[in-house]
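Student: Quick one: structure below, then a few questions.
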Amino acid sequence: MKEWHHNSLLGLEYLSAEDINQILDLAKDFKERVDDLSPADNLLRGKRVINLFMEPSTRTRIAFEIATKSLGADVISIMGEASSLTKGETLHDTAMNVQALGAHAIILRHSSPGSPLLLSQMVQVPIINAGDGSHEHPSQALLDIFTLREKLGSIEGKRITILGDILFSRVARSNFWGLTKLGANVTLAGPSTLLPSEVASLGIKVSHNLQDAIESADAIMLLRIQHERQQASHFPSLTEYSKMFGLSKSLNKFLQKEAIILHPGPINRGVEIDSELADSSKSVILQQVANGIFVRMAILYLLIGRIS
Ligand code: CP
């Protein structure tokens, strides 16, 4: 197996195309072997992984837990509200204590962009970013790209539209880094108030017209409106957002026959996507969730599988 040169997984901005493909190839291997993995394959036996989640999560936390257990390691999950952070302890002190308790890796979800980077400079154990504010969500983008590769055959030259609340989306940022490094043609689409103003000046393809954005796409990646990060209203109402930028079933006729629809979840039915499309054969939303286990197995194995 090729060498892995990163101590932590902080974002796709910091990985090369080769690194990304190495994770995806290993995830594919785990997926193909899932039914054959025996106790002898307890690749992370004796390792202890701590999930430190300071924001709510269903998919990411559970997938990391299943991935850890599938590789024979122990996993302990701590939610923010149940930790001593609520008693005034700093994140640094929490992490130092988790390290003292024998953690081999810390998986961190936090509302502050850059907090995983900061922790990685303070503790010795690998840090896995499970979403830091509106900055990055690398394991989500890796499972999205894994699913795209599985469905489209390759990423190079594929037209991918990321639609919705780009401004506050860590999923959009990580996917943008990952997809462009692998040679995709990415279009960012949504209302101008939810697209960072510098994007167009960087030469990134931007669209504020829904039909234009979706009609030639091989894949459309929808994003939830991140109400929890917005300080002000960025559009008049959810009804109007949905009318202008929601993927309604009436737009199905503009989609390519083979186009697929992705969403990192949680989905808001009737806002960014109609139920009928979310549950249609074009949707790969639940396949993304399932693939999240194999991608996270690969991440954990590369980071802690070969350290004692
Ligand atoms: N996609 C995602 O991060 O979902 P959770 O918030 O449920 O982990």
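The values are calculated or read from the model by the stated rules, or taken from the named source; none is laboratory data. None of the values given here were measured: they were computed from a predicted structure. Here the Cβ positions follow ideal geometry from the backbone for every residue, glycine too, while neighbour counts run over all protein chains shown. The accessibility values were calculated without ligands, DNA or RNA, using every heavy atom of the protein model including side chains. Shrake-Rupley method; radii C 1.70, N 1.55, O 1.52, S 1.80 Å.
Student: How much of the DSSP bridge set in the chain is antiparallel, in percent, rounded to the nearest 5? Could the numbers behind the result be given before it?
Tutor: Values: 1 of 35 bridges.
Counting DSSP beta bridges with both partners in the chain, the antiparallel share is about 5 percent.
Student: I'd like the orientation of helix 17-33 relative to the chain: the angle between its Cα long axis and the longest Cα principal axis, in ° from 0 to 90, rounded to 10.
Tutor: 80 degrees
Student: From the C-alpha gyration tensor of the range 214-308, pull out the three semi-axes of the equivalent ellipsoid (sqrt of 5λ each), sorted largest to smallest, in whole Å. Walk me through the intermediate numbers first.
Tutor: On the way: eigenvalues 185, 78, 21 Å².
Each semi-axis is √(5λ); the values are 30, 20, 10 Å.
Student: Quick one: work out Rg over Rh on the C-alpha atoms of the range 153-208, Rh as Kirkwood radius. Let's see the in-between values first.
Tutor: Working: Rg = 10.8 Å, Rh = 11.3 Å.
Radius of gyration over Kirkwood radius for the range 153-208 works out to 0.95.
Student: Here's another thing I want to ask about it. If I model a spin label as a point 7 Å beyond the Cα along the Cα-Cβ vector, how far apart are those points for residue 212 and residue 250 in nm?
Tutor: 2.1 nm
Student: Find how much the distance from residue 276 to residue 41 grows on full extension, using 0.36 nm per residue of separation minus their present alpha carbon separation; answer in nm with one decimal.
Tutor: This chain segment gains 80.5 nm when fully extended.
Student: Let me ask something additional. Leaving out ligands and nucleic acids, and using a 1.4 Å probe, what accessible area per residue does the range 1-148 come to in Å²?
Tutor: Spelled out: the 1.4 Å probe surface of the range 1-148, per residue, equals 44 Å².
Student: A follow-up question, please. Between residue 69 and residue 81, with labels modelled 7 Å along Cα→Cβ, what's the label distance in nm to one decimal, could you check?
Tutor: Here the answer is 2.3 nm between the modelled labels.
Student: Taking the radius of gyration and the Kirkwood hydrodynamic radius from Cα positions alone, what is the Rg/Rh ratio for the range 123-231, to two decimal places?
Tutor: On the Cα set of the range 123-231, Rg over Rh gives 0.98.
Student: Moving on. Using a 1.4 angstrom probe on heavy atoms only, work out the carbon and sulfur share of the accessible area of the range 170-243 in %.
Tutor: 50 percent
Student: On a 0 to 90 degree scale, rounded to 10, what angle separates helix 170-181 from the longest Cα axis of the chain?
Tutor: 90 degrees
Student: Here's something else I'd like to know. Over the alpha-carbon set of the chain, work out the extent along each principal axis and list the three values in angstrom, largest first.
Tutor: 54, 46, 35
Student: Once each part is reduced to its C-alpha centroid, what is the distance from the range 80-100 to the range 199-222 in angstrom?
Tutor: 41 Å
Student: To the nearest 0.05, how large is the calculated FRET efficiency for residue 258 and residue 100 if R₀ is 51 Å and r is the Cβ-Cβ distance? If you can, show how the numbers build up before the last one.
Tutor: On the way: r = 52 Å, r/R0 = 1.03.
The computed FRET efficiency comes out at 0.45.
Student: Here's another thing I want to ask about it. If the only charges are +1 at each Lys and Arg Cβ and -1 at each Asp and Glu Cβ, what is the size of the charge dipole of the range 1-104 around the Cα centre, to the nearest 20 debye?
Tutor: Details: 11 positive and 16 negative charges, 60 e Å.
It comes to approximately 280 debye.
Student: Enumerate by residue number the GluC sites (Glu not before Pro) in the range 135-181 meeting two conditions: DSSP loop (anything except H, G, I, E, B), and at most 12 other Cβ atoms within 10 Å of the site's Cβ. Intermediate values should be presented prior to the final figure.
Tutor: Details: sites: 136, 150, 156; in loops: 156.
Passing both the DSSP loop test and the Cβ count: 156.
Student: Thinking of the range 126-182 as a set of Cα atoms, what percent of all their pairs are more than 13 Å apart?
Tutor: Numbers: 944 of 1596 pairs.
Within the range 126-182, distances greater than 13 Å cover 59 percent of Cα pairs.
Student: Say the dipole of the chain comes from +1 at the beta carbon of Lys and Arg and -1 at that of Asp and Glu; which of 160, 103, 64 then lies farthest toward its positive end?
Tutor: 64
Student: Given Cβ point charges of +1 (Lys, Arg) and -1 (Asp, Glu) and nothing else, what value in debye, to the nearest 20, does the dipole of the range 66-215 about its Cα centre take? Before the final figure, lay out each step's value.
Tutor: Details: 11 positive and 13 negative charges, 61 e Å.
Rounded to the nearest 20 debye, it is 300 debye.
Student: Mind checking the dipole of the range 7-50: about its Cα centre, +1 per Lys or Arg Cβ, -1 per Asp or Glu Cβ, Debye to the nearest 20? Please list the in-between numbers first.
Tutor: Details: 6 positive and 9 negative charges, 70 e Å.
Here the range 7-50 has a charge dipole of around 340 debye.
Student: For the range 44-156, how big is Rg over Rh, using alpha carbon atoms and the Kirkwood form of Rh? Let's see the in-between values first.
Tutor: Numbers: Rg = 14.8 Å, Rh = 14.8 Å.
Using Cα coordinates only, the ratio equals 1.00.
Student: Taking amide hydrogens as modeled 1.01 Å from N in the peptide plane, which residues meet the under 5 Å criterion relative to residue 77, leaving out close sequence neighbours?
Tutor: Here 51 satisfy the definition.
Student: Can you give the translational diffusion coefficient of the range 1-89 in µm²/s, computed by Stokes-Einstein from the Kirkwood radius over Cα pairs at 25 °C and 0.890 mPa s? If you can, show how the numbers build up before the last one.
Tutor: Numbers: Rh = 15.4 Å.
Estimated diffusion coefficient is 160 µm²/s.
Student: How far is helix 138-152 tilted off the main Cα axis of the chain, in degrees rounded to 10, range 0 to 90?
Tutor: Once rounded, the angle reads 60 degrees.
Student: Using a basic spin-label model with each label point 7 Å from the Cα along Cα→Cβ, how many nm lie between residue 17 and residue 202?
Tutor: It works out to 1.9 nm between the two label points.
Student: Could you work out what % of the accessible surface of the range 114-164 is carbon and sulfur, using a 1.4 angstrom probe and leaving DNA, RNA and ligands out of the count? Before the final figure, lay out each step's value.
Tutor: On the way: 720 of 1470 Å².
Its accessible area is 49 percent carbon and sulfur atoms.
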